[in-house]
Each structure stands twice: as C-alpha cells, then as structure tokens.
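Remarks on the structure that follows.
The values are calculated or read from the model by the stated rules, or taken from the named source; none is laboratory data. In this text, all values refer to a predicted model and were calculated from it rather than measured experimentally. When we count neighbours, we look across all protein chains shown, and the Cβ atoms used for this are built from the backbone with ideal geometry, even at glycine. Side chains included, ligands, DNA and RNA excluded: accessible areas come from the protein's heavy atoms. Shrake-Rupley method; radii C 1.70, N 1.55, O 1.52, S 1.80 Å.
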Amino acid sequence: MKAFIENLPKAELHVHLEGTLEPELSFALARKNGVALEYETPEALLAAYDFHDLPSFLAIYYKAMNVLRHEQDFFELTWQYLQKAHQQKIVYAEMFFDPQAHTSRGVPFDTVIRGIHRAQERAASELGVQTKLIMCFLRDLSAESALQTLRQALPYQDWIVGVGLDSDEKDNPPVKFAEAFSRARDAGLRLTMHCDVNQQNTLLHIRQCLETIGVDRIDHGVNSLEDPALCDIIRERSLGLTVCPVSNRFVVQSLTAAEIRRMLDLGLRATINSDDPAYFRAYLNENLLALHQDGGLTRHEIVQLVKNSFLVAWLDDESRAEYLLQVDEYLQRAA
Ligand code: HPA
Ligand code: ZN
C-alpha cells in the first residue's frame, strides 16, 4: 500500500503555503534576513512545536512567518513545497496563501504574490506540476481588512482562482465576510471557507457557508455529518470537502477516519489534504498512509478519495478528464 499510495497521481486542494515552511528554511531565511529566532537549531524549533487546538497552532504558525520578507523568500517557500509535491506524485495543487499575515508586517502584497507566482511557473515548466492559488482572508481580522485585501488582489486576478477564509474561527462566522465574498464572486473568483473541526457554532457556520455565502467548496467541514440536512445540500451540489486527517489528529486528537469513511458512504466528495505539512510533519502521502494504517481505510476508499480531489478541483472539463485518465491508467498498471 505504501508504494501504491506513493506512486498514485494525486491532487492537493488544502495546503497553506505558509504551513509548508520547514524549520531548515526558517533558519536559512532568518540568517539571510537578520531575523532573530528563539531557538538555536531547527531541531530545537521542531521540538517546541506544541499544538493541541487551533489557537495554539496558529500562534506558532504566525510567529514563524516573520522570516518571510522578500520576493525570493516567497519563491523559495513555494518552490520547496512544489518540489516536495512532485516527489509525492502530486500532479495538481490548489494552494492557499495568507496575504494579510504579510502585509500586516509591512511586506507588500506584490512581493508575496510575485514570489509565489514565479515558483508556480517554474514548477509547471520544469516539473510538470500544475497549480492554482487561493487567497485566504484572515477571519480574526476585520471585514474591512478583507475588502481592502480583495482590492489589492484584483490587479493580479489572473494569478488567483478563488478566495478562502482561515485563521481563528471562534466568534468569526462566515457572514462577517459576506460582502468580501460576494464581491469576489462578482469578480469571477471561486469561493471556499474553512469550517474547522469541532468549532463553536460549527453547524451554524456550515449552514451560512451554504445558504448565505454560496461556497463552491468547504475546507474541513467534518461536522456537517451531524446534520443530515446539511449533508443533503452538500451532496446535491456536489461540493468538495477538503479533510486533513493528520492536522485533525493534532488539533482535535482524532484522525477522523471514521468520519471520512462515513462521508464516502453518504456519497459526499471528501478529499484528503495536508493543511500545514511542515508543522504536522506529514505531507499528502503520509496523510493517506495514516488513513490506511491507523484508520483502516481500504485501497478502494483511498482511490475514491484521490479521485474526488480531481472531481472537485477547480479545473476545466478537459484537464479534469486527463487527470482522471492518469489515475485510471495507473490503476490498470497496478492491478
Ligand atoms: N484552519 C484555520 N486556519 C489555518 C489553518 C487551518 O487549518 N491552517 C492555516 N491556517
Ligand atoms: Zn487549513
């Protein structure tokens, strides 16, 4: 199964580029940029990773970003992830970035997106890995800040496929960002939002995503299983759910394997993703392998999850069909 998963052509739809910042790159950028770190070595930094819920993760995640200052830093971050993705047989990725986490530190929007975009172009030409970018608003900042960020992004609209919503969900419901998402939709962007696992008012938040915002996808969304009416809507609209099992193991102490299986049984388009792989120490293959080894998911279920990623990806029909064919050809060879 390990080799089967490793060689299977895959897509990733829920990965935060800032969450791919490996301790070694942190140290290299800190040295280059003259930024002081609290730890002596990458190993010591890694040993200090101590997350047990969303806020404790986010505190470490935002602090670490301080080493990202220049266009080349965002290039390196993205390029390292895309090389890793290529090694893992990820042929297509939709990647999140958090511009407000950088503009709030004085790093221009243009610096961030140009560095990322340059790495995307290199990955396409040198590695054959196709990627798209999703801009996330930070939900613990104001609605006005989200609108301002959307205005900053519109000149680069050709480089962005959609918008998302991340960071601390507590007291920051989807409807807080109704205007920013409505404007993004009018500009032709796709919409997704995090509904993190076991958050306060999670069913209300999922309902707002579906009824008020009109999302094209939900990130995490595991708690939708608790309400059959929400499941019906998600199934009828063929909405993808981007589940992140190893992330869940850190943040809610469960791989949520039983929930993922239940989604498949209900005909929901669950997909598997790494979220913040440098922090949770698991890229996509490790997530799939954990689901098999620790969660008991079968080869058939793993294949369905991987196919779902291509089915719900923001691809044109022709590309989608090509990727699904790649998977089917692989399955025939592996049979
Ligand atoms: N949830 C909310 N915010 C985040 C996450 C997440 O999983 N990862 C990075 N920022
Ligand atoms: Zn996430």
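Here are the numbers for this structure:
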{"quantity": "So residue 158, is it outside any helix (DSSP H, G or I) and open to solvent by 40 Å² or more (accessible area, probe 1.4 Å)", "calculated": "no"}
{"quantity": "Boolean, residue 17 is more than 30 Å from residue 301 (Cα to Cα), touching a residue at least 12 places away in the same chain (Cβ under 8 Å) and either open to solvent by less than 20 Å² (accessible area, probe 1.4 Å) or not β-branched (Val, Ile, Thr) (or both)", "calculated": "no"}
{"quantity": "Answer residue from region 242-253, given it is in a loop (DSSP other than H, G, I, E, B) and open to solvent by 20 Å² or more (accessible area, probe 1.4 Å) and is farthest from residue 169 (Cα to Cα) among those", "calculated": "253"}
{"quantity": "Among the candidates 211, 144, residue that is over 24 Å from residue 105 (Cα atoms) and modelled with pLDDT of 95 or more", "calculated": "211"}
{"quantity": "Flag if residue 179 is among the acidic types (Asp, Glu), open to solvent by 20 Å² or more (accessible area, probe 1.4 Å) and without any contact (Cβ under 8 Å) to a residue 24 or more places away in the chain", "calculated": "no"}
{"quantity": "Identity of the residue in region 79-107, open to solvent by 70 Å² or more (accessible area, probe 1.4 Å) and over 28 Å from residue 10 (Cα atoms), that ends up nearest to ligand 1 (Cβ to nearest atom)", "calculated": "104"}
{"quantity": "Any hit, region 199-213, residues being in a loop (DSSP other than H, G, I, E, B) and open to solvent by less than 20 Å² (accessible area, probe 1.4 Å)", "calculated": "no"}
{"quantity": "Meets criteria (under 25 Å from residue 80 (Cα atoms) and more than 16 Å from ligand 1 (Cβ to nearest atom)) for residue 286", "calculated": "yes"}
{"quantity": "The one condition in (1) within 18 Å of the chain's Cα centre (by Cα); (2) open to solvent by less than 10 Å² (accessible area, probe 1.4 Å) that residue 117 fails to fulfil", "calculated": "(2)"}
{"quantity": "Single residue of 43, 24, 38, 76 found to be closer than 24 Å to residue 124 by Cα and either at pLDDT below 95 or open to solvent by 10 Å² or more (accessible area, probe 1.4 Å) (or both)", "calculated": "76"}
